[in-house]
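Worksheet for the structure shown next.
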Protein chains: 2
Amino acid sequence: MIDYKKILGDYTPDYEESLRLKCIENGIIKKLNDIISSRNIDAEPVSVGSYSKGTNLKNSDLDIFIVFSKKYPKNEMESIGLSLGHYILENGVEKYAEHPYVSGYIENVKIDIVPAYKIEPGQRIVSTVDRTPLHTKYVIENTDENLRNDIRLLKIFMKANNVYGSEVSKAGFSGYLCEILVINLKSFDAVIKYFSKLKGRLIIPENSWKKFQEPVVIVDPVDPTRNAGAAVSLENLSRMKIASKLFLLNKNESFFYPREISPRYHKRGTCIYIITLKRPDIIDDIIYPQVFRFERQIFNIADRYGFMPVSSEINVDNNIEILIELQRDVLPDVSKHAGPPVDSDESINFINVWKDRALRGPYIERDRLYVDSETRIKSFYDALNLELEKMDIGKNLNKLKDGIKIIKYNNSHFNVVKKFFSKDIFH
Amino acid sequence: MIDYKKILGDYTPDYEESLRLKCIENGIIKKLNDIISSRNIDAEPVSVGSYSKGTNLKNSDLDIFIVFSKKYPKNEMESIGLSLGHYILENGVEKYAEHPYVSGYIENVKIDIVPAYKIEPGQRIVSTVDRTPLHTKYVIENTDENLRNDIRLLKIFMKANNVYGSEVSKAGFSGYLCEILVINLKSFDAVIKYFSKLKGRLIIPENSWKKFQEPVVIVDPVDPTRNAGAAVSLENLSRMKIASKLFLLNKNESFFYPREISPRYHKRGTCIYIITLKRPDIIDDIIYPQVFRFERQIFNIADRYGFMPVSSEINVDNNIEILIELQRDVLPDVSKHAGPPVDSDESINFINVWKDRALRGPYIERDRLYVDSETRIKSFYDALNLELEKMDIGKNLNKLKDGIKIIKYNNSHFNVVKKFFSKDIFH
């Protein structure tokens, strides 16, 4: 049998770390309470996030929300919140999710101080962060020590199998989804069994299949109008199903530890192109959707021109790299074009237009006219360059069009190539 | 205006030819009548075919049928018929359509002497030839000099535009179809107008669209259970529609004279293969369907393996030549295979089978497993050779499999290549 205790031991904060977090948390809350009451602000500091819920893994952040009365207008709430954040975090920097917060470090622990409005379950939120304290409350009220450890196990399992993380770049399961899943299904084992047997979409509760269209539908217990699983990709749902099936067939600790995948380079006899540009200084949440869209656009262009794309991959770090694999990068000199059906009013026009220009034809096959004509654009390089000019590749990438390089891969070093040759079930 | 008289003059037998045919016909009929009455045979010689109907063009054959009483059993009818044929045609040879007949020459005119059973309209036939005397009677009774000339014009037009001839190798309109069309639509001009406006299938009479499924449905006036247009291909119907449209837009005599199409050779950047074998000593009606089927099989193999066939062409003379044009004749070293959906019971099995053999993967895209593996058969030559071994290419061609050559075209001389580069609307 698998030793869950050992696994938890490897991932859960030890006594020393827990104590340090507790001290830091207490210190911040106390400091905030003091200044709030001295300045007579109608707000309250609340510890949220995995640490406060007892579902944190090693090296977790601390998330402290300052929950304001709704009587404050938005800009006032934000400016007071930010000033309180800077008061706590001397070297803190302002960041923006849906609204601004202050992020910094105390004793090497990352701390976010986030202003939000106080709401009750069912009340309309102003910003998504307003819901976070309710999430914390929900998890604390619905878990005991056992369930919290099972939530940790699920997070560990999902991390190891590369389906964890709600960031756009991951499109995986968030910590909160792990919490809801374990609370609903009662244990880690039950969650694994559930995924291993699941066909089609994941829908909790089952009667909400019509309300949301995403592959993963997990209705937020504190807000029934929200699908907490909306960000999970179909791929990651599929990966989690396969990981669960494999785990149940071979209950092995390795499923809880990340596997190093070394790229297996090999000759493919295809044409691999890398399209690269410098990454603009913009957060993942904004840049990734543009890169995904750009990848899809390149794939579609390759397909439309007949270069027969096989696969594609992206990598975003300091550079944006998009890899596209084609079955060919040069088209035949001649292409066969379907013209109108002979019955069409256009048929005679088609014949007149082509009869002196065609390399062969117009000719008839079955009930349709065809013509063989010279291929206008023969190379993928030319096709992509031509299309790039008129393409909208997203607000932030459009500005960088001139810096795009199209490189035919030939053992050169690109991170996206390493990623491409490392691809397996969980990568 | 177009001078139909001149065109008819160019194609219709002159006085001398007509006289010669008349004399030969009378001579044969008289000789047959004499021997039939002297031997007391219950049969009657009948002149059939285009000459007897007055719809013949220059250099037509003579078809003389010997119409037997149904009291004769088949083999007896045939043996008497053949002996009479040999009696008339000293150097005649026996041939077989659905049943045997004698073919020979008198004064350079080709003569067929064909035994058949006498039937009345509506009676069941034994062999398709039994219907021929009824066709002759129908045409004679329903045409006058004007209509006969219009029938001749239609034949000339169809010949010039390459849609005439009911042989399997042509799949065009027969002389009898020309006769029915003109009789039904009342003139050559009306037939052309009809084709130019026709959408979809040709169906005469219109209410018989459900009874027959072929592209051309022309119910035989002497046998409502038979579609006289069954042999016409969709291509030839399409050609006739286009020819009629073009003719009406530009009423030019050139539509009545065959056009010499010189092949326009050009670089195509594709891979053209010629598959050749000796033509077995077998009639067109039997060999063509096998060649067409073989052509289709080769096309499908090329498609299935991913060689992306574009076009194909056949030529049958002393050799059978099948041309197939491919977008490529070598596949990438690696192929991407779709495995089962992750929800399938087969998914884990697929992973186990492939995990150590795959060049890349198994991996997940959306809700399905994929794997990149080494392409087993990379060249079209190897693929076709492999498939040829197990393929059924028809009763007569199967015997010649060992003699099949697969040649990559490279300016070598093949008739099928000439045909391929001559292809246009009417070829």
Quick one: Cα centre-to-centre distance for the stretch A:366-405 and the stretch B:372-427, in angstrom? 35 Å
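Before rounding to the nearest 500, sum -39500 (n - 2.57) across all DSSP H runs of length at least 4 in the protein assembly as shown and divide by the residue total; then give [θ] at 222 nm in deg cm²/dmol.
Details: 28 runs with 338 residues, N = 854.
After summing the helix terms and dividing by residue count, I get -12500 deg cm²/dmol.
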Order of B:147-155, B:314-322, A:50-58 by packing, highest average Cβ count within 10 Å first? B:147-155, A:50-58, B:314-322
For the protein assembly as shown, what are Rg and Dmax over the alpha carbons, in angstrom? 40.9, 141
Under unit Cβ charges (Lys, Arg +1; Asp, Glu -1), what dipole magnitude, rounded to 20 debye, does the stretch A:199-320 have relative to its Cα centre? 560 debye
Roughly what angle does helix B:145-160 make with the longest principal axis of chain B, taking Cα atoms, 0 to 90 degrees, to the nearest 10? 30 degrees
Chymotrypsin sites (Phe, Trp or Tyr not before Pro) lying in DSSP loop within the stretch A:206-250, provided at most 16 other Cβ fall within 10 Å: A:W209
Degrees, to the nearest 10: B:74-88 long Cα axis against longest axis of chain B: 70 degrees
Put +1 on the Cβ of every Lys and Arg and -1 on every Asp and Glu Cβ in the protein assembly as shown; which of A:L237, A:P340, B:P215 then has its Cα farthest towards the positive end of the dipole? A:P340
Report the residue, chosen from B:E295, B:E235, B:E107, that carries the largest GNM mean-square fluctuation when chain B is represented by alpha-carbon nodes joined by springs under 10 Å. B:E107
Once the label point is placed 7 Å from Cα along Cβ, list for B:Q213 the distances to the corresponding points in the other copies, in nm, shortest first. 3.9
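Hey, if we sort A:T375, B:T128, A:T225 by accessible area with the 1.4 Å probe, largest down, what's the order?
Working: A:T375 15, B:T128 65, A:T225 110 Å².
In descending accessible area the options line up as A:T225, B:T128, A:T375.
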Can you give the mean number of other chain Cβ atoms that lie within 10 Å of the Cβ atoms in peptide A:264-272? 5
Past the 27 Å Cα-Cα mark, which pairs from A:K95/A:K170; B:K199/B:K418; B:K159/B:K267; A:K355/A:K390; A:K355/B:K251; B:K170/B:K241? B:K199/B:K418; B:K159/B:K267; A:K355/A:K390
at A:I407 the sorted inter-copy label distances (label 7 Å from Cα on Cβ side), in nanometres, are 4.8
Pairs of Cα atoms under 8 Å, at least six residues apart: use those to get the relative contact order of chain B, whole percent. 11 percent
Can you list the HN-Hα couplings for the stretch A:27-36, worked out from phi with the Karplus curve (6.51, -1.76, 1.60; θ = phi - 60°), rounded to whole Hz and with x for Gly and Pro? x, 5, 4, 4, 4, 5, 4, 4, 5, 4
Taking alpha-carbon centroids only, the stretch B:1-60 lies from the stretch A:188-230 a number of Å equal to 86 Å
Quick one: grab the alpha carbon gyration tensor of chain A, order the square roots of its eigenvalues as a ≥ b ≥ c, and give me rounded if a/c is under 1.5, else prolate or oblate depending on whether a/b is larger than b/c. prolate
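Taking each residue in B:8-16, count the Cβ atoms of any other chain within 10 Å of its Cβ, then average. What number comes out?
Details: counts 0, 0, 0, 0, 0, 0, 0, 0, 0.
Other-chain Cβ atoms within 10 Å of each residue's Cβ, averaged: 0.
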Could you tell me how many degrees, from 0 to 90 and to the nearest 10, lie between the Cα long axis of helix B:234-249 and the main elongation axis, the longest principal axis, of the Cα atoms of chain B? 70 degrees
About its Cα centre, what dipole magnitude does the protein assembly as shown give when the only charges are +1 on Lys and Arg Cβ and -1 on Asp and Glu Cβ, stated in debye to the nearest 20? 120 debye
Report ³J(HN,Hα) in whole Hz for each residue of the stretch B:288-300, in order, from the Karplus equation J = 6.51 cos²θ - 1.76 cosθ + 1.60 where θ = phi - 60°; Gly and Pro get x. 4, x, 5, 5, 4, 5, 4, 4, 5, 4, 4, 4, 5
So what does A:S166 come to for accessible area, using a 1.4 Å probe and Å² rounded to 10? 60 Å²
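Regarding the stretch A:169-261, what whole-number volume in Å³ per residue does the convex hull of its Cα atoms give? Before the final figure, lay out each step's value.
Working: hull volume 10.2 nm³, N = 93.
In the stretch A:169-261, the Cα hull volume divided by residue count equals 109 Å³.
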Considering Cα pairs under 8 angstrom that are at least six residues apart, work out the relative contact order of the stretch B:100-202 and quote it in whole percent. 16 percent
Can you work out which chain B residue has the shortest Cβ-to-axis distance for the rotation that carries B onto A, and give it in Å? B:R328, 3
Report the one residue of B:T12, B:I286, B:P205 whose Cα lies farthest in the direction of the positive end of the charge dipole of chain B (charges on C-beta: Lys and Arg +1, Asp and Glu -1; origin at the Cα centre). B:P205
To the nearest µm²/s, what D does Stokes-Einstein give for the stretch A:238-363 at 10 °C and 1.306 mPa s, using the Kirkwood radius over alpha carbon pairs as Rh? 81 µm²/s
Which shape class applies to the stretch B:6-139: rounded if a/c is under 1.5, otherwise prolate when a/b exceeds b/c and oblate if not, where a ≥ b ≥ c are the square roots of the Cα gyration tensor eigenvalues? prolate
Output wanted: per-residue J couplings in Hz (rounded whole) for the stretch A:382-395, from phi through Karplus 6.51 cos²θ - 1.76 cosθ + 1.60, θ = phi - 60°, x for Gly and Pro. 5, 4, 5, 4, 4, 5, 4, 3, 9, 7, 9, 10, x, 3
If you place +1 on the Cβ of every Lys and Arg and -1 on the Cβ of every Asp and Glu, how big does the dipole about the Cα centre of chain B come out, in debye to the nearest 20? 920 debye
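What number do you get for the stretch B:334-374 when its Cα radius of gyration is normalised by 2.2 N^0.38 Å, N = residues? The partial results should precede the final answer.
Working: Rg = 9.1 Å, N = 41, 2.2 N^0.38 = 9.0 Å.
Relative to the 2.2 N^0.38 Å estimate, the stretch B:334-374 comes out at 1.01.
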Of B:P133, B:P341, B:P205, which is the most mobile in a GNM of chain B whose springs link Cα atoms less than 10 angstrom apart? B:P341
Straight-line reach from B:K70: which aspartates and glutamates have Cα under 16 Å away, leaving out those fewer than 8 places along the same chain? B:D42, B:E44, B:E78, B:E120, B:D130
Treating the point 7 Å from Cα along Cα-beta-carbon as the label, what are the nm separations from B:N319 to the other copies, to one decimal? 5.3
Would you grab the residues whose amide H sits under 5 Å from the one on B:I106? Only those 5+ places off in sequence or on another chain, please, with H modelled 1.01 Å from N. B:I111
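Name the shape class, rounded, prolate or oblate, that the alpha-carbon gyration tensor gives for the stretch A:175-228, where a ≥ b ≥ c are the square roots of its eigenvalues, rounded holds for a/c under 1.5, and otherwise prolate holds if a/b is larger than b/c and oblate otherwise. If you can, show how the numbers build up before the last one.
Details: a/c = 2.26, a/b = 1.27, b/c = 1.77.
Oblate, since a/c reaches 1.5 and b/c is not below a/b.
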Return a whole-number percent for the relative contact order of the stretch A:212-333, with Cα pairs under 8 Å and 6 or more residues apart as the contact set. 21 percent
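The values are calculated or read from the model by the stated rules, or taken from the named source; none is laboratory data. Just so we're clear, the structure is a prediction, and the values are computed from it rather than from any experiment. Neighbour counts run over all protein chains shown; Cβ positions are idealised from the backbone, glycine included. These area figures cover heavy atoms from the full protein model, side chains too; ligands, DNA and RNA do not enter into them. Shrake-Rupley method; radii C 1.70, N 1.55, O 1.52, S 1.80 Å.
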